[in-house]
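Asker: Sharing a structure below in C-alpha cells format, with a few things to ask.
The values are calculated or read from the model by the stated rules, or taken from the named source; none is laboratory data. In this text the structure is predicted, and so the values were computed from the model without any measurement. Backbone-built Cβ (ideal geometry, glycine too); neighbour counts: all protein chains shown. Only protein heavy atoms, including side chains, enter the accessible area calculation; ligands, DNA and RNA are left aside. Shrake-Rupley method; radii C 1.70, N 1.55, O 1.52, S 1.80 Å.
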Amino acid sequence: MEQTLLIYNTMTRKKERFEPLHAPNVGMYVCGPTVYGDAHLGHARPAITFDILFRYLQHLGYKVRYVRNITDVGHLEHDADEGEDKIAKKARLEQLEPMEIAQYYTRRFNSAMEKLNVLPPSIEPHATGHIIEQQELVQQILDNGYAYESNGSIYFDIEKYNKDFKYGILSGRTLENIKDASRDTLAGVGEKKNQADFALWKKAQPEHIMRWPSPWSDGFPGWHCECTAMGRKYLGEEFDIHGGGMDLIFPHHECEIAQAQASMGHQAVKYWMHNNMITINGQKMGKSYNNFITLDQFFKGEHELLTKPFSPMTIRFFILSAHYRGTVDFSSEALEAAEKGLARLMAGLKDLKRIQPAKGSSPEIEKFVKELEQKLYDGMNDDLQTPIVISNLFEACKNVNLLVDRKAKISQADLATLARVMHTFIVDILGLSNATGGDSSEKDKALDKVMQMVLEMRAKAKSEKDWATSDKIRDELQEAGIIVKDTPDGAIWEL
C-alpha cells in the first residue's frame, strides 16, 4: 500500500510532497535541549513530534539517520551575544564544573525521553565535542567575505550577506525590521558593524570558564554554529529535514540558513518543520518566563497547578491530541481528559483479545475494517494529523466494544486485520503503550494476574448466588478506580 506523505514546509509556507534527496535514505536534524535544567513540557513537544515523524518515516520503509544535538556550550542568556553562558552560570551557582551540569541534565533529559517512549536519535552530538568543526565553519564564512573579526570575536556580516542573498527568508522578516528589533536587545554593539550581526566566535572574558584556543582568540563558538556544523558533518552538505520548536525560527534557524549559504554557497535543508508551543494561560511555557512545569513534576504530581501525578503516556497522548502546528494550552483538566482518552485506547487494544470471531462479519463491521487502515494513513500523510488518527482509533474502540458485547459479528480474517492495524498505529506509530518501552510491564502483568483471581472470586460468589459479596467486590474495585463489566463471555475489567 504505497503512501504519499505531505509535510508543511515552513520555508515555502505550504504542504509539500515528501521526496527525499537520496531515497530510501532520509537525513533529519532536530534541535535538542540546552542542558542547564530539567526538561519541561515545552521540551516534550518537539521530542514527541519528531519522534512521531521518525517512527512514521521508518514505518514507510525509509532508512532514517536522525540527529538531535545537545547544546552544552555557547547558548548565552537571552539568546544574545553578551551575558553569561547558561550552563556556566548554573555551574557557578551550584559550585560545580560546567561539564558536571551538562552531564547531569543530559542524563535526566534522556531518562525523561525514555519514559515518554521517545526513541533515541541515531546520533546525539554535543556542541563541545565539535569545536573544530565549528571553527572550520567560521573560517569558511570569513574566507568567503561574510564575516569579520573585532577584538578577537568573529561576527556574521548581515548587510554584506543580504546584498548577495536574503537574510530573513524563513521568518519573513526584512533586514530593516531585524535592525529595529535588535537595536535595544542585542548587546556587544560596540564591536559590531551592525546591531543585528550575530556572533560566530566569541572571545572569552577572563572569568569565562568554557574556552578553547582558536586562530582569533581563546573563546567559544556562537550558539547558531553548532547545528550548522554538526548537521553538515553527519548528514552532508544537503539533507532532507530540519526540525525544532517554532520559537527557533528566528533567530536560530534563520542564522543557520545564512551560515550554510555563506560557507557553502547553497542552503543545506530541503524541508523546515516546526512544532508550535505549549502555553499556560495563553503564555508560552519556558524557563525564561519562569512558568514551566518539569516532566518530573508531572510524573510525581508535585506542582501547585497539578491535581495529581500524570503518567508519561498521558503526557504523550495529551501532546498527540493536538496537531503539532497548533498551540496546546496546558491545564490539569486537559490532562485528566487525556488520561481518559489514553485509557480508552488501551482498553480497546486489550479487549481485542476477548472477541470471539464468527463465520462472517456484520456488514457495517466489514466496511469499517476495510476502510480503517487507509483512513489512518490519510491522517498521518496529511502533515501528521495525529488528532484525526486518534479519532479514527476511538471509532475502532467503539466497534471493539460492540463486538465484545456481541452486538455485532466479525470474521477471523477481519479480526486479525483490525488487531494488526490498531496495534500498528497505537503502539508502533503513535508510540503509546500501557508502560514505557512496550505493550505491558511486569507491574501490568502482576496486576492482571491479581485481577483474574479477584474476578474468579466474584464469579464464584455469583454462581453461589452470594450477591452481597459479588456487589461488594465490584463496588470496592470501582472505588479503587477499576471498572468491572459483565459480558456474555464473563467479567472484564479496566482502569
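Asker: Tell me, what is the 1.4 Å probe accessible area of Arg211, in Å² to the nearest 10?
Answerer: Near enough 80 Å² of accessible area.
Asker: Looking only at the stretch 225-325, where both bridge partners belong to it, what percent of the DSSP beta bridges are antiparallel (to the nearest 5)?
Answerer: Restricted to the stretch 225-325, the bridges split so that about 25 percent are antiparallel.
Asker: Rounded to the nearest percent, how much of the accessible area of the chain (1.4 Å probe, protein heavy atoms only) is carbon and sulfur?
Answerer: Carbon with sulfur: 49 percent of the solvent-accessible area.
Asker: Then there's this: Full-extension gain between Ser332 and Gln103, please, as 0.36 nm times their residue separation minus the C-alpha to C-alpha distance.
Answerer: 79.3 nm
Asker: What FRET efficiency, computed as 1/(1 + (r/R0)^6) with R0 = 30 Å and r the Cβ-Cβ distance, is obtained for Phe165 and Arg17, rounded to the nearest 0.05? Mind dumping the intermediate values first?
Answerer: Working: r = 26 Å, r/R0 = 0.88.
In this case the efficiency is close to 0.70.
Asker: Let me ask something else. What are the trypsin sites (Lys or Arg not before Pro) within the stretch 447-495 that DSSP puts in a loop, where the Cβ has at most 10 other Cβ atoms within 10 Å?
Answerer: Loop-located and lightly packed - Lys465.
Asker: Can you list the lysines whose alpha carbon is less than 18 Å from that of Lys460, not counting same-chain residues fewer than 8 positions off?
Answerer: Excluding near neighbours in sequence, the set is Lys449, Lys472, Lys485.
Asker: Right, next: Identify which of the listed values of Rg and Dmax of the Cα atoms in Å was calculated from the structure shown: (i) 25.5, 108; (ii) 26.6, 91; (iii) 29.2, 103.
Answerer: (ii)
Asker: If exposed means no more than 13 neighbouring beta carbons inside 10 Å and the site is in a DSSP loop, what's the longest run of the chain without any exposed GluC sites (Glu not before Pro)?
Answerer: The answer is 3-206.
Asker: On full extension of the chain, what length is gained from Gln283 through Ile482, given 0.36 nm per residue of separation minus the C-alpha to C-alpha distance?
Answerer: On the way: separation 199, 0.36 × 199 = 71.64 nm, distance 3.68 nm.
So the chain would gain 68.0 nm between Gln283 and Ile482.
Asker: What percent do you get for the relative contact order of the chain when only Cα pairs under 8 Å and 6+ apart count?
Answerer: Worked out over the chain, it gives 16 percent.
Asker: Given the DSSP H assignment, sum -39500 (n - 2.57) over each helix run of at least 4 residues in the chain and divide by its residue total; what's the result at 222 nm in deg cm²/dmol, nearest 500?
Answerer: Per the formula, -14000 deg cm²/dmol.
Asker: Could you let me know the centre-to-centre spacing of the stretch 41-76 and the stretch 89-106, using Cα atoms, in angstrom?
Answerer: 24
Asker: Over the heavy atoms of Leu305, what accessible area does a 1.4 Å probe trace out, to the nearest 10 Å²?
Answerer: We get 80 Å² for Leu305.
Asker: Name the long-range amide H neighbours of Tyr324: under 5 Å, sequence gap of 5 or more, or other chain; modelled H, no Pro or chain starts.
Answerer: HN-HN under 5 Å from Tyr324: Thr386.
Asker: Rounded, prolate or oblate: which fits the stretch 213-284, taking a ≥ b ≥ c as square roots of the Cα gyration tensor eigenvalues, rounded meaning a/c under 1.5, else prolate when a/b beats b/c?
Answerer: Oblate, because a/c is 1.5 or more while a/b does not exceed b/c.
Asker: Mind ranking Met277, Met28 by accessible surface for me, highest first, 1.4 Å probe?
Answerer: Result of the area sort, largest leading: Met277, Met28.
Asker: On a 1.4 Å probe surface of the protein chains, which of Trp201, Trp223, Trp212 comes out largest in accessible area, and what is the full order?
Answerer: Largest accessible area first, the list is Trp212, Trp223, Trp201.
Asker: Plugging the Kirkwood radius over Cα pairs into Stokes-Einstein for the stretch 41-147, at a temperature of 20 °C and a viscosity of 1.002 mPa s, what D comes out in µm²/s?
Answerer: Here the translational diffusion coefficient equals 132 µm²/s.
Asker: Would you please give the residues with an amide H less than 5 Å from that of Asp329, counting only those at least 5 places away or on a separate chain, with H modeled from the backbone geometry?
Answerer: Those qualifying (amide H under 5 Å, at least 5 residues apart or on another chain) are Thr279.
Asker: How much length is gained if the chain between Gln374 and His423 is pulled fully straight, taking 0.36 nm per residue apart and subtracting their Cα-Cα distance, in nm to one decimal?
Answerer: 16.2 nm
Asker: Among the trypsin sites (Lys or Arg not before Pro) within the stretch 115-171, which fall in a DSSP loop and have no more than 14 other Cβ atoms within 10 Å of their own Cβ?
Answerer: Lys166
Asker: Using only Cα atoms, locate the centre of the stretch 216-246 and the centre of the stretch 448-489, then give the distance between them in Å, rounded to an integer.
Answerer: First find each Cα centre; the distance between them is then 59 Å.
Asker: Something else: Near Lys300, which lysines are there with a Cα under 19 Å away, not counting those fewer than 8 places off in the same chain?
Answerer: Lys115, Lys308, Lys340, Lys443
Asker: A follow-up question, please. Compute the distance from the alpha-carbon center of the stretch 121-166 to that of the stretch 320-392, in whole Å.
Answerer: 46
Asker: Using the heavy atoms of the protein chains and a 1.4 angstrom probe, tell me the accessible area per residue for the stretch 1-96 in square angstrom.
Answerer: I get 41 Å² per residue for this part.
Asker: Using a 1.4 Å probe and counting only protein heavy atoms, arrange Met230, Met453 so the residue with the most accessible area comes first.
Answerer: Met453, Met230
Asker: Spelling out what I want: for every residue of the stretch 28-33, take phi, set θ = phi - 60°, compute 6.51 cos²θ - 1.76 cosθ + 1.60 (Karplus), and round to whole Hz; glycine and proline get x.
Answerer: Values per residue, Gly and Pro as x: 9, 10, 10, 5, x, x Hz.
Asker: Quick check for you: with a 1.4 Å probe and neighbouring chains kept, what is the accessible area per residue of the stretch 338-401, in Å²?
Answerer: Heavy-atom SASA per residue in the stretch 338-401 reads 46 Å².
Asker: Then there's this: Mind checking the per residue accessible area of the stretch 175-294 for me, 1.4 Å probe, whole number of Å²? Could you put the intermediate results ahead of the total?
Answerer: Numbers: 4610 Å² over 120 residues.
Here the per-residue accessible area is 38 Å².
Asker: Assuming R0 = 45 Å, can you tell me the calculated FRET efficiency for the pair Gln3 and Lys89, based on Cβ-Cβ distance, to the nearest 0.05?
Answerer: 0.45
Asker: Hey, quick one: spin label on Lys472, modelled 7 Å out along Cα-Cβ, who in the stretch 447-461 has an amide N within reach, i.e. under 20 Å?
Answerer: 451-461
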